Amino acid sequence: PASDQAFSVVRDSSRRSPRSSCLRSFSEVHNTTATSEAEMALLDSSIDAFRSVASVVLDSPAGPFAQELFILAAFGTSYLFWRQLSRRSRSAARRAAKTADIAGAFCAPRKSEGSCVERRAARPSFGGGGRRLGGATPALSRAADSAQVQALEKRMLRHLDLREFTRALNLYRSLERDGRDFGFSEEVYSSFVQSAVRVGKIDVVERMVRAMKQQGINPSTRFWQTTMKMLSSRKHFSACLSLHTVFARQIPADKVIYSCLINAALEVGDPDRAMTMLQRYGSAAIDPEDYILFFRTHVARNDVDSAEATFEKLGASASPLMLNLLLLTCVNTKQPQRGLAWLRKAHGLERPEAKLVDAVSYNTVIKGFAQAGLPQSCADCAKEMVAQGIEPDDITFCTLLDACIVDDPRGDAAASIVDLLARRSQSMDCASSTPFIKSFIKGLLRADCVDKALELYSKMKASDRERPDIITYSMLIKTLIDRHDLERALQLLEDMKAAGHQPDDVIITHLLEGCRHAGNLELGKKLFAELLSHGVKPSEYTLATMLKLHGRCGAHREAHDLLAGWQKAHKTKPTVIHYTCLMSGAMRTKNYEMAWEAYELMCANGVKPDGTTLSTLLPGMLAAQKWDCALEIVRVATASGKTMVPPEMLNNALSQIQAVGGQQRLADELRGLMTSAGVSSFASRSGGHRRPPAPRSA
């Protein structure tokens with residue numbers, strides 16, 4: 001600035017010569033800051049007065065102190081003159097000084113083709129040092145202006161193309177400080193906005209859009225589409241609304257632009273503002289599928305009347321999502337019956353190739369009735385859903401259970417729905433009613449409402465048209481077995497046989513599990529024989545349950561024979577799990593001989609034992625003092641170089657062998673096997689058990 005330059009000149013000169021240099025420096029300040037004849041005359045008179053006063057003061061004894069005061073006065077005077085002159089000619093002088101190498105004169109960039117250009121072109125241009133630049137015509141100034149703007153545009157666009165956003169923004173800010181931030185094309189602002197959105201500088205986006213507004217630039221439809229889509233995709237919804245505030249009605253009535261704006265208003269929780277945009281959005285020649293924003297806005301505002309009017313306007317062109325939003329509006333306003341009426345009306349608008357009502361539609365209305373505490377209406381709606389050929393899903397049953405069971409501890413609502421299902425099933429097609437009731441029974445069982453499920457089963461069994469299928473029987477029997485109610489489970493088995501259904505492997509397995517809980521081996525053998533008589537091939541789960549049943553009742557020899565002949569009788573090879581079940585049952589009754597026979601049978605059939613098998617068998621062999629058998633188990637457990645049983649179990653085995661005495665050879669072999677498997681021995685050679693070594697200190 002001129003004041004800084006003046007202060008520097010005066011300060012340096014005064015240090016060299018106290019009196020004459022100070023006056024001479026003030027003349028330099030005069031030459032630096034004066035830009036017109038009137039202003040020069042004013043400065044000349046001020047300097048003459050300053051000289052007369054300075055001559056008197058500097059000759060006085062306080063001359064050195066006064067010299068410093070004169071320096072500060074010179075600075076203050078130059079600063080005041082600079083402030084006054086800069087208000088009128090600062091921008092023109094700086095532009096002229098910086099563009100003197102490009103053209104003989106530089107005029108401020110014009111905002112439009114009107115009077116602003118002529119007024120700026122008529123202003124005098126100055127070069128460096130305050131001298132007037134002659135020979136520059138308005139046409140030449142405009143040519144320099146256009147060339148400079150194009151050069152700056154290319155420079156900023158090049159930075160933005162190279163992803164050098166900061167450099168481009170710094171260049172723009174320097175032009176803004178110099179008053180040269182106008183005259184640019186829409187491409188520059190669009191590139192700045194897109195780059196700012198990518199790097200997350202939303203303040204720059206708003207700044208550029210406001211600059212376009214100040215420069216009188218009306219952005220194109222493409223600019224608005226690109227900007228709104230980029231902001232919306234990055235969830236900068238507040239920024240979208242800020243841009244709408246700046247330009248308001250000047251934004252084109254385009255469906256892409258206003259869909260982004262309406263969505264932004266809904267996302268920030270301002271549905272009333274979204275409502276004000278719907279008129280402009282509707283005037284953009286939108287398609288029927290674009291009306292979804294109308295329904296979203298009506299849902300957010302709980303405006304049922306407007307949602308109904310929009311749906312009636314669309315008619316058969318409406319989509320299932322639009323219908324569901326209309327129903328949700330009714331539910332949110334506590335009017336589920338109104339939603340049900342629209343649901344029925346929507347069925348009349350359906351076409352064979354385009355269905356309008358889906359499972360979500362009925363689930364929404366059922367949820368409304370559940371919230372209103374109307375379980376019977378929930379059941380009616382669910383029945384109607386099945387009658388229309390729409391299969392209920394998990395949400396349907398969860399809603400019914402929540403409404404009729406969870407929120408009704410006494411079970412009155414559940415009983416009402418069960419009665420309703422049983423009573424109204426007579427008027428429904430069996431093929432459509434049975435799956436629904438079966439699924440509802442499944443839901444009751446999951447909610448631990450076994451009595452209500454059995455009540456519905458009884459009414460279903462008494463019906464002339466609906467009969468429980470084998471899946472229903474299987475679910476009920478499994479639930480009763482889990483509750484250790486074998487008697488009622490067997491009753492269901494008899495009902496199933498009477499209904500013409502033969503029990504399968506899954507049902508028999510459930511019943512065998514019930515026999516194991518009850519300790520009834522004879523009944524289990526009878527059920528298993530009945531299964532085989534019907535030609536049903538038992539599964540590996542059936543075999544495991546039979547082995548557990550025999551072990552529970554102490555029939556280990558029968559279990560051994562069953563397992564030995566299983567592969568020949570049923571063409572299925574038993575697994576290590578089955579042999580482990582046999583060993584575990586024998587160990588439970590301390591029949592160690594049978595447990596070892598099961599192990600030998602497993603090895604003879606080529607089944608390799610796992611860690612669970614060895615860990616089950618080793619303690620039994622040690623308890624029976626079968627040291628050779630125990631050592632054989634350890635050999636198998638450590639054959640791979642790692643132990644398959646816990647190290648503590650091996651140390652316990654070594655300790656017991658040493659404690660007996662006379663088995664030093666076996667103890668040494670066991671210690672060697674442990675060492676080869678990387679297991680530390682805590683038992684001393686003389687017998688007993690020693691403590692593990694303490695860790696060494698650092």
Long pairs among Lys478/Lys608; Lys313/Lys334; Lys235/Lys313; Lys229/Lys367; Lys548/Lys590; Lys255/Lys334, criterion Cα-Cα beyond 26 Å | Lys478/Lys608; Lys235/Lys313; Lys229/Lys367; Lys255/Lys334
Per the stretch 578-617, sqrt(5λ) over the Cα gyration tensor eigenvalues, sorted largest first, in Å, gives 15, 11, 7
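In the stretch 262-351, what is the volume of the convex hull around the alpha carbon atoms, normalised per residue and reported in Å³? Please report the intermediate quantities before stating the final value.
Values: hull volume 7.4 nm³, N = 90.
Here the figure is 82 Å³ per residue.
Please tell me the relative contact order of the stretch 206-267 in percent, rounded to the nearest whole number, where contacts are Cα pairs under 8 Å and at least six residues apart. List each step's numbers first, then the result.
Numbers: 43 pairs, mean separation 25.3, N = 62.
The normalised contact order for the stretch 206-267 reaches 41 percent.
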Treat each spin label as a single point 7 Å out from the Cα along the C-beta direction, and report the Arg158 to Asp628 distance in nm.
-> 9.6 nm
Could you state the principal axis extents of the C-alpha atoms in the stretch 321-374, from the largest down, to the nearest angstrom?
-> 36, 17, 16
Just grab the label-to-label distance for Asp272 and Lys571, each label 7 Å out from Cα along the Cβ direction, in nm (one decimal).
-> 7.8 nm
Based solely on C-alpha atoms, express the radius of gyration and the Dmax of the stretch 198-271 in angstrom.
-> 11.5, 33
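Inverting the mean 1/r over all pairs of different Cα atoms, compute the Kirkwood radius of the stretch 585-656 and quote it in Å.
Taking the inverse mean of 1/r over all distinct Cα pairs, the stretch 585-656 comes out at 12.3 Å.
What's the Cα-based Rg to Rh of the stretch 477-562, Rh via Kirkwood? Write out the running numbers ahead of the final one.
On the way: Rg = 12.3 Å, Rh = 12.9 Å.
We get a ratio of 0.95 for the stretch 477-562.
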For a quick protection proxy, order the peptides 261-270, 543-552, 382-391 by their average other-Cβ count within 10 Å, most packed first.
-> 543-552, 261-270, 382-391
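So if R0 is 25 Å, what FRET efficiency would Asn302 and Ile395 give, r being the distance between their Cβ atoms, rounded to the nearest 0.05? Let's see the in-between values first.
On the way: r = 23 Å, r/R0 = 0.91.
Step by step, r from the Cβ atoms, then E = 0.65.
I need the semi-axes of the equivalent ellipsoid of the stretch 141-278: take the C-alpha gyration tensor, multiply each eigenvalue by 5, square-root it, list largest first in whole angstrom. Mind showing how you got there, number by number?
Details: eigenvalues 173, 50, 28 Å².
With the √(5λ) rule applied to the stretch 141-278, the semi-axes are 29, 16, 12 Å.
Each value in this text was obtained by applying a stated rule to the coordinates, not by laboratory testing. It should be emphasised that the depicted structure is a prediction, and the values quoted were computed from it without experimental measurement. Counting neighbours? That spans all protein chains shown, and the Cβs are built from the backbone with ideal geometry, glycine included.
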